[in-house]
1. So for chain B: antiparallel DSSP bridges make up what percent, rounded to the nearest 5?
2. Using alpha-carbon pairs under 8 Å, 6+ residues apart, how would you state the relative contact order of the stretch B:208-281 in percent?
3. As a check on your grasp of the helix formula, calculate [θ] at 222 nm for chain A: sum -39500 (n - 2.57) over DSSP H runs of n ≥ 4, divide by the residue count, round to the nearest 500.
4. In the protein assembly as shown, if the dipole is taken from +1 on Lys/Arg beta carbons and -1 on Asp/Glu beta carbons about the Cα centre, which of B:Val277, B:Pro108, A:Asn245 is farthest to the positive end?
5. Top to bottom by accessible area (1.4 Å), largest first, where do C:Ile137, A:Ile119 land?
6. Provide the packing ranking of B:169-177, B:100-108, i.e. peptides ordered by the mean count of other C-beta atoms within 10 Å per residue, highest first.
7. Go ahead and run the numbers for FRET between A:Arg124 and C:Leu109, Cβ-Cβ distance against an R0 of 25 Å, rounding to 0.05.
8. If each label sits 7 angstrom from Cα along the C-beta direction, how far apart, in nm, is B:Ser122 from its counterparts in the other copies?
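The values are calculated or read from the model by the stated rules, or taken from the named source; none is laboratory data. These numbers were taken from a predicted model, which means no experiment stands behind them. Methodologically, a virtual Cβ is constructed for each residue, glycine included, from the backbone with ideal geometry; neighbour enumeration extends over all protein chains shown. Heavy atoms of the whole protein, side chains included, go into the accessibility calculation; ligands, DNA and RNA do not. Shrake-Rupley method; radii C 1.70, N 1.55, O 1.52, S 1.80 Å.
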Amino acid sequence: MADPRFFAAAGPFTLSELAERTGAEIAGAADPALVLRDVAPLETAGPDCVAFLDNRKYVDAFARSRAGAAFVHPDLASLAPPGMALLLSPLPYKAYAVAAQAFHPPPPLRPGIAPTALIDPSARLGAECEIAAHVVIGAGVEIGDDCRIGANTVIDDGVVVGKGARIGPNVTLSHCLIGARVTIYTGVRIGQDGFGFAPDPSGHVKVPQIGRVLIGDDVEIGANSTIDRGAGPDTVIGDGTMIDNLVQIGHNVTLGRRCVIVAQVGISGSTKLDDFVMVGGQGGLAGHLTIGKGARVAAHSGVMRDIPPGGTVCGFPAMPSKEFWRQVAVVQRLARKKDT
Amino acid sequence: MADPRFFAAAGPFTLSELAERTGAEIAGAADPALVLRDVAPLETAGPDCVAFLDNRKYVDAFARSRAGAAFVHPDLASLAPPGMALLLSPLPYKAYAVAAQAFHPPPPLRPGIAPTALIDPSARLGAECEIAAHVVIGAGVEIGDDCRIGANTVIDDGVVVGKGARIGPNVTLSHCLIGARVTIYTGVRIGQDGFGFAPDPSGHVKVPQIGRVLIGDDVEIGANSTIDRGAGPDTVIGDGTMIDNLVQIGHNVTLGRRCVIVAQVGISGSTKLDDFVMVGGQGGLAGHLTIGKGARVAAHSGVMRDIPPGGTVCGFPAMPSKEFWRQVAVVQRLARKKDT
Amino acid sequence: MADPRFFAAAGPFTLSELAERTGAEIAGAADPALVLRDVAPLETAGPDCVAFLDNRKYVDAFARSRAGAAFVHPDLASLAPPGMALLLSPLPYKAYAVAAQAFHPPPPLRPGIAPTALIDPSARLGAECEIAAHVVIGAGVEIGDDCRIGANTVIDDGVVVGKGARIGPNVTLSHCLIGARVTIYTGVRIGQDGFGFAPDPSGHVKVPQIGRVLIGDDVEIGANSTIDRGAGPDTVIGDGTMIDNLVQIGHNVTLGRRCVIVAQVGISGSTKLDDFVMVGGQGGLAGHLTIGKGARVAAHSGVMRDIPPGGTVCGFPAMPSKEFWRQVAVVQRLARKKDT
């Protein structure tokens, strides 16, 4: 059960209500009127909870689970313990996500402006915004309707934020135009100067960074991540892209739509990612690269060359994953032979 | 001498007082009444300072040092310069640490609540707390006795902080329960959503993150590190664990007791570390792994598989360190042969 | 054209004025009176803009560019499109940087102290400083003339900041002495404790960190980077060194003059870099190393040994770059041979 100090709960929902909301199919003879009060992980779910199985690593936990119901792929349904009601879905994690949203809707906005927030008279705030304590909003800023701005956040002159934004505490925004329904977590820094200078032993010469950061709709940006503004072109983050914590996005970078950028990734200046690219945690991309649609970079890999659409790379220098693993095997065999 | 602008000093202490406090043994004919006024590194210590030797790399600096006294392992005592008083200890760095604490006690609390701090009326603060300027403390928060909360820090609704906490400036805490005597450095983010969504080309579907972060006693968390709350299970940090700067801890991760996590490490979701695990700087751990008690991950390594208790791994993919170095040697030899 | 919401513009300038300011030479028959109104990248520059070509990757964009003028190395001048006025320079990017500074001077200081800033009566502020909202400045702090301190920044007791500093919002400074004309971006943390303790299974013993951070003149430090204070010796950053975002500098580290430290680099305790060292993004340096003057560490590399002056290393463990690439080629060939 989620800790009521932190989470409100909706529901309960019947099995058939959950099936309807998620598009899942009730398997076999399960009772559509079964009442479920929460989502929970397999290990701790009780008879009034719905869980899910998405990763074969957890089939044992699934078989042992006391969950009243679970979302599961039809292929794995036979591994369920007796008595568990099954909600069959080709995408069980997505179905679970929708169900979990039903049980745990995000906390409602509490519209109003904290007395200690400082808002420049020339800024325009939309309707029903929640502006927390000590927020600083500069000249000419535009904030859309239904936005939440967390405590101690600083939004510099001219920034535009679309409707429905969720901006955490202690954030800094400057030189950026942000779309609708964007979530920016605590400590994020957007719009500061890119790392642009002409290197010179007698003193590096700074290049004014006169681009912006353009962020599409439905983007998420994780805690303490940094996105520099463009040097002249803009830095661009496409619609629906998910960025995890402590990620660095250099100046002039373009991310396409619905990319997934895991924690501590670094993307160097002017590199362009097409749509649906995934970069695993701590992955690094050199500058001025082109990464094709749907490409995948394994965690901890360092990319020094372009990647074609659909390519999957690993290692440093990153190479096609099949080649990487072949090389790993070859070197391992050689080292072991040396021993004998 | 420590800069008095920043550090108060206690003492002086005699050699015998230091021996008593640290459990070290005075070697040979050294004068137990020798007066020492500060700790200092070997290179800059004068006759009224106590230094230490713990790393063989510094035996030359030791031999040249003008320190009046030094903590040293009995095996290295013979390398001391003439006239240096020696404090023999099997753990000279630990003994030095205790002595340094005596000379440089942490700055005392200045209990009181800054006039600009905003504290929800339903929050409960312990005795003798120091709450700095512009702090924001939400509804239902509980803070133990003798805590310091730095300026501009935001503590969200429901958070619990144990007694004796030292929380730096510009920190953000939410959805977490924190033990006693925990130190949280500036810019740390705890309790924000984990990176949880069902990936989908038509729009990733967010999974509500309804777990918490549970932090044990005597934990330290370095500047700008991020610890996400659990997705359903909790994210857990065990007693006495030390976390350096810019570390990322994903949702559902469990760290055991007294682990050491060096700067810029990333630990992916649901990975479990047993007690006493050490991860070197920039190390990365994939998700859903089990890392055994006392295991060590070399700096800059990327771990993709479980590690047994006591295992020591290096490289990417991380492998037993002996194997890693053997492979490095084999490849080096091959490449050189090619040249000739 | 730079977005006027965010950037003021100076100019226009004639071709000959730009040549004079930058030391570039006007090529051939170009009209010295040509009027230029802005800098712009090759792709988007119009006839009243000046661009530059510095990277051979962009010769096609150069040939297609509609820019009225461009800085270019004499060797590449022949690739220019007809009608483009050329400003020849052996360092075209540096010349462009100077021109861009002319068109886009940094925003002027707006001297004054925000009413919500809290400044200890014992702090000394220079003339013409701009202190933003909710800034907290502690006892004994000294700030030079012409400094800007961004909103919600915390400067702890005793810190000294030289003249002309630009300190962003949401920064935390403690235990540090900072030179003239330093730029510190948003979210930077300077002066917190180093990661110093005597590891011990019965409870790690903290070592008081009684050094400082000393930062030279003309240094830049990128968003959310962290620089720990020394354990006893100081942590030192030399004049003119450029540090990117999310960089970790451990205690007792020394960086020489005009080093370039790219995003997400980590430098472990007590390592010393001489002048002009470059470390690529995500590079990691172990502790207690000596890195010679002008050495270069490739991005994503992990350095475990000293590097001689002028050395160029790559890989993990980092080795001379030539050797790295030879090893990459050898392993690749072996793995491919295995296939056939």
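1. Numbers: 8 of 74 bridges.
Approximately 10 percent, going by the DSSP bridge assignments.
2. Relative contact order here is 26 percent.
3. Dividing the helical sum by the residues of chain A leaves -4000 deg cm²/dmol.
4. B:Val277
5. A:Ile119, C:Ile137
6. So the peptides B:169-177, B:100-108, ranked by packing, come out B:169-177, B:100-108.
7. It comes out at approximately 0.40.
8. Label-point distances to the other copies, shortest first: 4.1, 4.1 nm.
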